[in-house]
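Okay, so here's the structure we're looking at.
The values are calculated or read from the model by the stated rules, or taken from the named source; none is laboratory data. Just so you know, these numbers come straight off a predicted model, no measurement behind them. In this analysis, Cβ positions are derived from the backbone assuming ideal geometry, glycine residues included, and neighbour counts consider all displayed protein chains. For accessibility, only protein heavy atoms count, side chains too; no ligands or nucleic acids. Shrake-Rupley method; radii C 1.70, N 1.55, O 1.52, S 1.80 Å.
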Amino acid sequence: ATFPRYNSPRTLFQTRRGRCGEFANLFGTYCRALGFDTRYILDFTDHVWIEVWSHRTRRWICADSCEGVIDEPGMYEKGWGKKLNYAIGATKDSVVDVTRRYTRKFHEDEFQARRREFAPDEESSENVFRLANQTIRQQQFGKIPKGRLEELDARMKMEAAFFVKVASSGVWDSDYKEGRI
């Protein structure tokens, strides 16, 4: 039996049936309606969820509405035993490789071999995201206030610094939380 996929939050709300994608769409819609910045996370190993930007902690927080779990990025690798390769975060403002938030095996050979199925090396992968973000910025030129652009750039820099820190750690540890705790 095939399960119908609904991309409309309205349809999910009416049918009350869905899988991870439908629940991520609906929860993201609610969060945006309440004024939160959200981004849709696509895990190439077949799962989706959202992240919500916390102004208080100055970080993106994992929010998996299908599982009813908030701020547990280790759930997929550590809890489910998923063999991740790419987790991509998308907003109307950017596309980001957020895989490092969800793995502590980034530098392991087996992990890198899974990523090589999609991109020949990390530099090529980073170039794809850089070019995608340049295109997004060009299309939105003049439409986003300067202060908003500065905020988005600051977020990306903080997140990149966090990713460098955790990618080399190899452990799921409370010392590796993002932002101000």
Original post:
Among the candidates A132, A161, which residue alone is assigned to a helix (DSSP H, G or I) and within 24 Å of C20 (Cβ to Cβ)?
Top reply: A132
Original post:
Which residue pairs have Cβ atoms under 8 Å apart, sit 6 or more places apart or on different chains, and have a first residue in the range 154-169 that is without any contact (Cβ under 8 Å) to a residue 24 or more places away in the chain and a second that is of a type outside the set (S, T, N, Q) and open to solvent by 50 Å² or more (accessible area, probe 1.4 Å)?
Top reply: K165/Y176
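Go through the range 30-49 and give me each residue that's acidic (D, E) and buried (at least 16 other Cβ atoms within 10 Å of the Cβ). I'd like the intermediate steps shown before the answer.
Filtering the range 30-49 down to residues acidic (D, E) leaves 37, 43, 46.
Those that are acidic (D, E) and buried (at least 16 other Cβ atoms within 10 Å of the Cβ): D37, D43.
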Subject >> So S174, is it touching a His at 6+ places or on another chain (Cβ under 9 Å), modelled with pLDDT under 95, under 28 Å from H55 (Cα atoms) and not aliphatic (A, V, I, L, M) >> reply: no
Original post:
Within the range 98-117, is there a residue that is in contact with a Pro (Cβ under 7 Å, 6 or more places away or on another chain) and either among the β-branched types (V, I, T) or within 22 Å of A161 (Cα to Cα) (or both)?
Top reply: yes
Original post:
What number of residues within the range 62-94 are surrounded by fewer than 20 Cβ atoms within 10 Å (Cβ to Cβ) and assigned to a strand (DSSP E or B)?
Top reply: 4
Subject >> the range 45-61, residues that are of a type in the set (V, I, T) and either touching a helix residue (DSSP H, G or I) at 6+ places or on another chain (Cβ under 9 Å) or outside any loop (DSSP other than H, G, I, E, B) (or both) >> reply: T45, V48, I50, V52, I61
